[in-house]
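> I'd like to ask you about the structure that follows.
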Amino acid sequence: MAQQGTVPLATVESAGSESGITLIIHAGAGDRGKHHTPERSAQVQADLRRALDAGYTVLEAGGAAEDAVVAAIHVMEDAPEFNAGRGAALTSDGLARMDACLMDGDGEVGAVAGVGTVKNPIDAARAVKNQTKHVLFADPTDEEIAAWGVETRPNEYFVTEARRRSLAEAQAGGDAWAKRAGEAGGTEAQGGVIGDEKHGTIGAVARDAAGRIAAGTSTGGITNQMHGRVGDSPLPGCGTFADQRTVAVSCTGIGEAFIKAVAAHQVADRVRFAGESVHDAAVATLEEVAAHHGDGGMIVLPATGRGVVAYNSEMMNFGYRSAAGERVNG
(Lines give C-alpha, C1' and ligand atoms only; values in the text may rest on other atoms or scores of the structure.)
Protein backbone atom coordinates (compact mmCIF):
# COMPACT_ATOMS: atom_id res chain seq x y z
CA MET A 1 0.00 0.00 0.00
CA ALA A 2 1.37 3.42 -0.90
CA GLN A 3 2.37 5.64 2.00
CA GLN A 4 1.95 9.33 2.88
CA GLY A 5 -1.41 9.73 1.21
CA THR A 6 -0.41 8.50 -2.24
CA VAL A 7 -2.47 5.91 -4.12
CA PRO A 8 -1.02 3.47 -6.69
CA LEU A 9 -1.93 3.62 -10.35
CA ALA A 10 -4.83 1.40 -11.32
CA THR A 11 -4.44 -2.23 -12.26
CA VAL A 12 -6.96 -3.23 -14.94
CA GLU A 13 -7.86 -6.66 -16.28
CA SER A 14 -10.33 -7.51 -19.03
CA ALA A 15 -13.06 -9.94 -17.98
CA GLY A 16 -15.71 -11.97 -19.75
CA SER A 17 -16.75 -12.34 -23.36
CA GLU A 18 -17.48 -9.81 -26.07
CA SER A 19 -21.08 -11.02 -26.10
CA GLY A 20 -23.27 -13.56 -24.39
CA ILE A 21 -23.61 -14.40 -20.73
CA THR A 22 -20.96 -13.08 -18.35
CA LEU A 23 -20.67 -12.86 -14.58
CA ILE A 24 -18.06 -10.79 -12.71
CA ILE A 25 -17.86 -10.69 -8.91
CA HIS A 26 -15.69 -9.00 -6.30
CA ALA A 27 -15.15 -9.44 -2.59
CA GLY A 28 -13.27 -6.33 -1.63
CA ALA A 29 -10.01 -4.55 -2.36
CA GLY A 30 -7.29 -3.09 -0.17
CA ASP A 31 -4.18 -4.41 1.52
CA ARG A 32 -3.90 -8.01 2.65
CA GLY A 33 -3.61 -7.17 6.33
CA LYS A 34 -1.56 -8.78 9.06
CA HIS A 35 -4.04 -11.63 9.52
CA HIS A 36 -3.71 -12.85 5.94
CA THR A 37 -2.73 -16.52 5.66
CA PRO A 38 -2.51 -19.04 2.80
CA GLU A 39 -5.43 -20.91 4.40
CA ARG A 40 -7.58 -17.81 4.43
CA SER A 41 -6.67 -17.08 0.81
CA ALA A 42 -7.66 -20.62 -0.18
CA GLN A 43 -11.02 -20.23 1.56
CA VAL A 44 -11.64 -16.90 -0.17
CA GLN A 45 -10.93 -18.47 -3.55
CA ALA A 46 -13.22 -21.42 -2.77
CA ASP A 47 -16.05 -19.09 -1.80
CA LEU A 48 -15.54 -16.96 -4.90
CA ARG A 49 -15.83 -20.09 -7.04
CA ARG A 50 -19.01 -21.09 -5.22
CA ALA A 51 -20.44 -17.65 -5.89
CA LEU A 52 -19.53 -17.92 -9.57
CA ASP A 53 -21.14 -21.35 -9.70
CA ALA A 54 -24.37 -20.04 -8.19
CA GLY A 55 -24.69 -17.01 -10.43
CA TYR A 56 -23.48 -18.58 -13.66
CA THR A 57 -25.84 -21.53 -13.26
CA VAL A 58 -28.70 -19.03 -13.37
CA LEU A 59 -27.36 -17.46 -16.56
CA GLU A 60 -26.76 -20.81 -18.24
CA ALA A 61 -30.39 -21.76 -17.56
CA GLY A 62 -31.56 -18.60 -19.32
CA GLY A 63 -32.21 -16.68 -16.11
CA ALA A 64 -32.17 -12.91 -15.76
CA ALA A 65 -29.03 -10.95 -14.95
CA GLU A 66 -30.65 -9.68 -11.75
CA ASP A 67 -31.27 -13.24 -10.56
CA ALA A 68 -27.67 -14.19 -11.25
CA VAL A 69 -26.37 -11.18 -9.32
CA VAL A 70 -28.53 -12.05 -6.31
CA ALA A 71 -27.54 -15.73 -6.40
CA ALA A 72 -23.83 -14.90 -6.44
CA ILE A 73 -24.15 -12.32 -3.67
CA HIS A 74 -26.10 -14.77 -1.49
CA VAL A 75 -23.08 -17.06 -1.38
CA MET A 76 -20.71 -14.25 -0.45
CA GLU A 77 -23.07 -12.81 2.17
CA ASP A 78 -23.22 -16.22 3.84
CA ALA A 79 -19.42 -16.69 3.81
CA PRO A 80 -17.82 -15.24 6.98
CA GLU A 81 -14.58 -14.42 5.15
CA PHE A 82 -16.26 -11.46 3.48
CA ASN A 83 -17.46 -8.15 4.91
CA ALA A 84 -21.16 -8.55 4.14
CA GLY A 85 -23.95 -10.50 5.80
CA ARG A 86 -22.48 -13.02 8.24
CA GLY A 87 -18.99 -11.74 9.01
CA ALA A 88 -19.82 -8.06 8.49
CA ALA A 89 -17.51 -5.48 10.01
CA LEU A 90 -18.64 -4.15 13.38
CA THR A 91 -19.58 -0.60 14.26
CA SER A 92 -18.07 1.32 17.17
CA ASP A 93 -20.80 -0.11 19.42
CA GLY A 94 -20.04 -3.71 18.38
CA LEU A 95 -23.02 -4.27 16.09
CA ALA A 96 -23.32 -5.44 12.49
CA ARG A 97 -25.04 -2.77 10.38
CA MET A 98 -25.28 -3.69 6.72
CA ASP A 99 -26.06 -1.93 3.43
CA ALA A 100 -27.00 -3.28 0.00
CA CYS A 101 -28.21 -2.13 -3.41
CA LEU A 102 -29.58 -3.90 -6.49
CA MET A 103 -30.10 -2.19 -9.85
CA ASP A 104 -31.02 -3.48 -13.29
CA GLY A 105 -30.26 -1.99 -16.68
CA ASP A 106 -33.73 -0.50 -17.00
CA GLY A 107 -32.94 1.80 -14.09
CA GLU A 108 -35.08 0.05 -11.50
CA VAL A 109 -33.26 0.07 -8.17
CA GLY A 110 -33.72 -0.73 -4.50
CA ALA A 111 -31.43 -0.30 -1.51
CA VAL A 112 -31.25 -0.60 2.26
CA ALA A 113 -28.88 0.98 4.77
CA GLY A 114 -28.17 0.09 8.37
CA VAL A 115 -30.04 -3.22 8.52
CA GLY A 116 -29.10 -5.38 11.48
CA THR A 117 -31.29 -8.48 11.22
CA VAL A 118 -31.63 -9.27 7.49
CA LYS A 119 -29.88 -12.57 6.72
CA ASN A 120 -29.13 -11.54 3.14
CA PRO A 121 -29.25 -7.75 2.79
CA ILE A 122 -29.37 -8.02 -1.02
CA ASP A 123 -32.81 -9.62 -0.58
CA ALA A 124 -34.02 -6.56 1.31
CA ALA A 125 -32.67 -4.31 -1.45
CA ARG A 126 -34.49 -6.41 -4.01
CA ALA A 127 -37.69 -6.21 -1.98
CA VAL A 128 -37.47 -2.42 -1.91
CA LYS A 129 -37.01 -2.43 -5.69
CA ASN A 130 -39.80 -4.85 -6.48
CA GLN A 131 -42.34 -4.31 -3.70
CA THR A 132 -42.26 -0.62 -2.83
CA LYS A 133 -42.52 2.71 -4.62
CA HIS A 134 -39.31 3.89 -2.96
CA VAL A 135 -35.60 3.45 -3.67
CA LEU A 136 -33.79 3.47 -0.32
CA PHE A 137 -34.86 2.43 3.19
CA ALA A 138 -32.63 3.33 6.15
CA ASP A 139 -32.97 0.87 9.04
CA PRO A 140 -36.38 -0.54 7.98
CA THR A 141 -38.61 -1.77 10.79
CA ASP A 142 -39.12 -5.43 11.67
CA GLU A 143 -42.70 -5.07 10.43
CA GLU A 144 -41.56 -3.80 7.03
CA ILE A 145 -38.97 -6.56 6.67
CA ALA A 146 -41.56 -9.20 7.59
CA ALA A 147 -44.04 -7.77 5.09
CA TRP A 148 -41.40 -8.10 2.37
CA GLY A 149 -40.98 -11.78 3.18
CA VAL A 150 -37.25 -11.39 3.78
CA GLU A 151 -35.47 -13.89 6.03
CA THR A 152 -34.01 -12.53 9.27
CA ARG A 153 -31.53 -13.51 11.97
CA PRO A 154 -30.62 -11.96 15.35
CA ASN A 155 -27.72 -9.53 15.15
CA GLU A 156 -25.47 -12.01 16.97
CA TYR A 157 -25.66 -14.30 13.91
CA PHE A 158 -23.58 -11.84 11.89
CA VAL A 159 -20.89 -11.24 14.52
CA THR A 160 -17.79 -13.44 14.24
CA GLU A 161 -14.77 -13.72 16.50
CA ALA A 162 -12.54 -12.40 13.75
CA ARG A 163 -14.63 -9.23 13.51
CA ARG A 164 -14.61 -8.80 17.29
CA ARG A 165 -10.82 -9.01 17.19
CA SER A 166 -10.65 -6.46 14.40
CA LEU A 167 -12.88 -4.07 16.32
CA ALA A 168 -10.75 -4.42 19.44
CA GLU A 169 -7.60 -3.71 17.43
CA ALA A 170 -9.26 -0.75 15.75
CA GLN A 171 -10.35 0.80 19.01
CA ALA A 172 -6.93 0.27 20.56
CA GLY A 173 -4.88 1.98 17.86
CA GLY A 174 -4.77 3.85 14.59
CA ASP A 175 -4.74 3.05 10.90
CA ALA A 176 -2.66 4.43 8.05
CA TRP A 177 -5.70 5.34 5.97
CA ALA A 178 -7.40 7.15 8.84
CA LYS A 179 -4.23 9.10 9.54
CA ARG A 180 -3.72 9.97 5.87
CA ALA A 181 -7.32 11.12 5.54
CA GLY A 182 -6.99 13.29 8.63
CA GLU A 183 -3.75 14.83 7.40
CA ALA A 184 -5.40 15.52 4.04
CA GLY A 185 -8.27 17.32 5.72
CA GLY A 186 -10.85 14.66 4.88
CA THR A 187 -13.62 13.43 7.12
CA GLU A 188 -12.90 9.75 6.52
CA ALA A 189 -10.74 9.55 9.65
CA GLN A 190 -13.89 9.80 11.74
CA GLY A 191 -14.77 6.28 10.65
CA GLY A 192 -11.88 4.78 12.60
CA VAL A 193 -9.66 1.85 11.78
CA ILE A 194 -10.67 -0.69 9.20
CA GLY A 195 -8.06 -3.41 9.59
CA ASP A 196 -8.41 -6.58 7.49
CA GLU A 197 -11.92 -5.51 6.41
CA LYS A 198 -10.53 -2.33 4.92
CA HIS A 199 -12.42 -2.64 1.65
CA GLY A 200 -14.36 -5.86 2.15
CA THR A 201 -17.50 -4.95 0.23
CA ILE A 202 -18.83 -7.65 -2.11
CA GLY A 203 -20.61 -7.23 -5.43
CA ALA A 204 -21.58 -8.72 -8.76
CA VAL A 205 -22.43 -7.60 -12.28
CA ALA A 206 -24.02 -9.86 -14.86
CA ARG A 207 -25.17 -9.97 -18.48
CA ASP A 208 -27.77 -12.54 -19.42
CA ALA A 209 -28.57 -14.31 -22.69
CA ALA A 210 -30.96 -11.51 -23.68
CA GLY A 211 -28.21 -8.93 -23.21
CA ARG A 212 -29.73 -7.43 -20.06
CA ILE A 213 -27.31 -6.21 -17.40
CA ALA A 214 -27.60 -5.75 -13.63
CA ALA A 215 -25.42 -4.82 -10.66
CA GLY A 216 -25.57 -5.51 -6.94
CA THR A 217 -23.42 -4.56 -3.96
CA SER A 218 -23.53 -5.59 -0.28
CA THR A 219 -21.37 -4.51 2.65
CA GLY A 220 -20.89 -4.39 6.38
CA GLY A 221 -19.23 -0.97 6.11
CA ILE A 222 -15.95 -0.34 7.90
CA THR A 223 -14.73 -1.59 11.24
CA ASN A 224 -15.38 0.86 14.09
CA GLN A 225 -17.51 3.14 11.92
CA MET A 226 -19.63 5.68 13.76
CA HIS A 227 -23.28 4.93 14.41
CA GLY A 228 -25.37 5.95 11.40
CA ARG A 229 -22.49 6.08 8.92
CA VAL A 230 -23.47 5.07 5.37
CA GLY A 231 -20.95 4.43 2.62
CA ASP A 232 -21.24 4.30 -1.15
CA SER A 233 -22.57 0.75 -1.55
CA PRO A 234 -26.32 1.43 -1.12
CA LEU A 235 -26.23 4.75 -2.99
CA PRO A 236 -27.24 4.36 -6.65
CA GLY A 237 -24.63 6.01 -8.82
CA CYS A 238 -21.94 5.94 -6.15
CA GLY A 239 -21.17 2.31 -5.33
CA THR A 240 -23.73 0.62 -7.59
CA PHE A 241 -25.17 1.49 -11.00
CA ALA A 242 -26.64 -0.14 -14.10
CA ASP A 243 -27.81 1.40 -17.36
CA GLN A 244 -28.71 -0.72 -20.35
CA ARG A 245 -27.26 1.96 -22.65
CA THR A 246 -23.84 1.65 -21.07
CA VAL A 247 -22.61 -0.48 -18.17
CA ALA A 248 -23.29 -2.21 -14.88
CA VAL A 249 -20.88 -1.25 -12.07
CA SER A 250 -20.19 -2.41 -8.51
CA CYS A 251 -17.52 -0.69 -6.41
CA THR A 252 -15.50 -1.39 -3.28
CA GLY A 253 -13.17 0.90 -1.38
CA ILE A 254 -13.09 4.03 0.75
CA GLY A 255 -16.80 4.77 0.56
CA GLU A 256 -16.52 8.49 1.22
CA ALA A 257 -14.17 8.94 -1.74
CA PHE A 258 -16.42 6.93 -4.07
CA ILE A 259 -19.39 9.05 -2.99
CA LYS A 260 -17.53 12.29 -3.67
CA ALA A 261 -16.55 11.00 -7.13
CA VAL A 262 -20.06 9.62 -7.82
CA ALA A 263 -17.91 6.79 -9.08
CA ALA A 264 -20.29 4.22 -10.55
CA HIS A 265 -22.32 6.82 -12.44
CA GLN A 266 -19.16 8.57 -13.57
CA VAL A 267 -18.01 5.39 -15.31
CA ALA A 268 -21.33 5.16 -17.16
CA ASP A 269 -21.21 8.85 -18.14
CA ARG A 270 -17.68 8.52 -19.46
CA VAL A 271 -18.74 5.59 -21.63
CA ARG A 272 -21.98 7.21 -22.80
CA PHE A 273 -21.04 10.85 -23.31
CA ALA A 274 -17.27 10.86 -23.75
CA GLY A 275 -17.16 7.65 -25.78
CA GLU A 276 -14.48 6.17 -23.54
CA SER A 277 -13.83 2.45 -23.37
CA VAL A 278 -14.79 0.68 -20.16
CA HIS A 279 -11.07 0.32 -19.47
CA ASP A 280 -10.36 4.05 -19.77
CA ALA A 281 -13.53 5.05 -17.94
CA ALA A 282 -12.65 2.85 -14.96
CA VAL A 283 -9.07 4.13 -14.79
CA ALA A 284 -10.11 7.79 -15.00
CA THR A 285 -12.75 7.33 -12.33
CA LEU A 286 -10.33 5.62 -9.96
CA GLU A 287 -7.95 8.55 -10.49
CA GLU A 288 -10.70 10.87 -9.25
CA VAL A 289 -11.33 8.54 -6.29
CA ALA A 290 -7.61 8.81 -5.52
CA ALA A 291 -7.84 12.60 -5.69
CA HIS A 292 -10.31 12.32 -2.80
CA HIS A 293 -7.72 10.31 -0.82
CA GLY A 294 -9.44 7.00 -1.51
CA ASP A 295 -8.50 3.67 -3.01
CA GLY A 296 -10.36 0.50 -3.90
CA GLY A 297 -11.74 -1.05 -7.04
CA MET A 298 -14.68 -1.76 -9.29
CA ILE A 299 -16.09 -4.33 -11.68
CA VAL A 300 -17.65 -3.00 -14.88
CA LEU A 301 -19.67 -4.89 -17.49
CA PRO A 302 -21.10 -3.28 -20.63
CA ALA A 303 -24.27 -4.40 -22.37
CA THR A 304 -22.00 -5.25 -25.32
CA GLY A 305 -18.32 -6.07 -25.06
CA ARG A 306 -15.89 -7.34 -22.47
CA GLY A 307 -15.95 -6.10 -18.91
CA VAL A 308 -13.09 -5.04 -16.65
CA VAL A 309 -11.83 -5.50 -13.12
CA ALA A 310 -9.99 -2.36 -12.00
CA TYR A 311 -8.38 -1.40 -8.70
CA ASN A 312 -5.83 1.07 -7.34
CA SER A 313 -5.20 -0.76 -4.08
CA GLU A 314 -2.65 -3.46 -3.27
CA MET A 315 -5.02 -6.28 -4.15
CA MET A 316 -8.60 -7.15 -5.02
CA ASN A 317 -10.58 -10.35 -4.54
CA PHE A 318 -12.50 -11.07 -7.74
CA GLY A 319 -13.67 -13.70 -10.18
CA TYR A 320 -15.35 -13.89 -13.56
CA ARG A 321 -16.80 -16.50 -15.87
CA SER A 322 -18.09 -16.54 -19.43
CA ALA A 323 -17.82 -18.69 -22.53
CA ALA A 324 -14.26 -17.35 -22.82
CA GLY A 325 -13.27 -18.98 -19.52
CA GLU A 326 -12.94 -18.38 -15.78
CA ARG A 327 -10.51 -16.67 -13.46
CA VAL A 328 -10.48 -16.33 -9.67
CA ASN A 329 -8.15 -14.04 -7.73
CA GLY A 330 -8.22 -14.07 -3.95
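The values are calculated or read from the model by the stated rules, or taken from the named source; none is laboratory data. Keep in mind the model is a prediction, meaning the values are calculated, not measured. With ideal geometry, Cβ positions are generated from the backbone for all residues, glycine too; neighbour counts draw on all protein chains shown. To get the accessible areas, we keep the full protein, side chains included, count just its heavy atoms, and leave off ligands, DNA and RNA. Shrake-Rupley method; radii C 1.70, N 1.55, O 1.52, S 1.80 Å.
> At a 10 angstrom cut-off on C-beta neighbours, averaged per residue, how do the peptides 85-96, 215-226, 144-155 rank from highest to lowest?
Values: 85-96: 21.9, 215-226: 29.4, 144-155: 14.9.
With the highest mean Cβ count within 10 Å placed first, the list reads 215-226, 85-96, 144-155.
> Please list the helices of the chain that count as membrane-span-like by this rule: a mean Kyte-Doolittle hydropathy of at least 0.0 together with Cα atoms stretching 18 Å or more along the helix axis, each helix being a complete DSSP H run.
Working: long enough: 38-60 (32 Å, -0.53); 65-78 (20 Å, 0.64); 278-291 (20 Å, 0.79).
Once both thresholds are applied, what remains is 65-78, 278-291.
> Here's another thing I want to ask about it. Note down the accessible area of Ser322, probe 1.4 Å, to the nearest 10 Å².
Probe radius 1.4 Å; accessible area of Ser322 about 10 Å².
> While we're on this one: Loop only by DSSP, 14 or fewer other Cβ within 10 Å of the Cβ. Give me the trypsin sites (Lys or Arg not before Pro) in region 199-262 that pass, ordered by residue number.
On the way: sites: Arg207, Arg212, Arg229, Arg245, Lys260; in loops: Arg212, Arg229, Arg245.
Here the sparse-neighbourhood loop sites are Arg245.
> Taking 2.2 N^0.38 Å as the expected size of a compact globular protein, what ratio does the Cα radius of gyration of region 200-330 give against it, to two decimals?
Values: Rg = 13.9 Å, N = 131, 2.2 N^0.38 = 14.0 Å.
Working it through for region 200-330, the quotient is 0.99.
> Same structure, new question: Rounded to the nearest 10 Å², what accessible area does Val328 show when all protein chains are kept and the probe is 1.4 Å?
Spelled out: Val328, probe radius 1.4 Å, area about 20 Å².
> Residue-wise, which Karplus ³J(HN,Hα) couplings in Hz belong to region 88-104, taking 6.51 cos²θ - 1.76 cosθ + 1.60, θ = phi - 60°, and x for glycine or proline?
Each residue's phi maps through the Karplus curve to give 4, 4, 9, 6, 4, 9, x, 10, 8, 10, 10, 10, 7, 8, 9, 9, 9 Hz.
> Along region 219-224, what does the Karplus equation 6.51 cos²θ - 1.76 cosθ + 1.60 (θ = phi - 60°) give for ³J(HN,Hα), rounded to whole Hz, x for Gly and Pro?
8, x, x, 10, 4, 6
> Follow-up. Quick check: convex hull over the Cα atoms of region 91-143, volume per residue in Å³, rounded to an integer?
Working: hull volume 4.1 nm³, N = 53.
For region 91-143, the hull spanned by Cα atoms encloses 77 Å³ per residue.
> Kirkwood Rh over alpha-carbon pairs of region 221-263, then Stokes-Einstein at 37 °C and 0.692 mPa s: what D in µm² s⁻¹, rounded to an integer?
Working: Rh = 10.9 Å.
Translational diffusion coefficient: 302 µm²/s.
> Cα-based count: Lys pairs in the chain below 30 Å, eight or more positions apart or different chains?
Total qualifying Lys-Lys pairs in the chain comes to 14.
> Can you give the translational diffusion coefficient of region 20-98 in µm²/s, computed by Stokes-Einstein from the Kirkwood radius over Cα pairs at 37 °C and 0.692 mPa s?
Taking Rh from Cα pairs, D becomes 239 µm²/s.
> What value, in deg cm²/dmol to 500, does the helix sum -39500 (n - 2.57) over DSSP H runs of n ≥ 4 give at 222 nm once divided by the residues of the chain? Spell out each step's value before the answer.
Values: 9 runs with 107 residues, N = 330.
After summing the helix terms and dividing by the residues of the chain, the value is -10000 deg cm²/dmol.
> Here is a further query. For region 242-258, just list the computed ³J(HN,Hα) in residue order, Karplus coefficients 6.51, -1.76 and 1.60, θ = phi - 60°, integers in Hz, with x standing in for Gly and Pro.
8, 9, 4, 6, 9, 9, 10, 9, 9, 10, 8, x, 5, x, 4, 5, 5
> Ratio of the chain's C-alpha Rg to 2.2 N^0.38 Å, to two decimals?
Details: Rg = 17.6 Å, N = 330, 2.2 N^0.38 = 19.9 Å.
Here the answer is 0.89, to two decimals.
> Using only protein heavy atoms and a 1.4 Å probe, report how much of Asp104 is accessible, in Å² to the nearest 10.
The value for Asp104 is about 30 Å².
> Then there's this: How do the peptides 109-117, 20-28 rank, highest first, by the average count of neighbouring beta carbon atoms within 10 Å per residue? Provide the component values of the computation, followed by the final result.
On the way: 109-117: 23.8, 20-28: 28.1.
In decreasing order of mean packing, 109-117, 20-28 become 20-28, 109-117.
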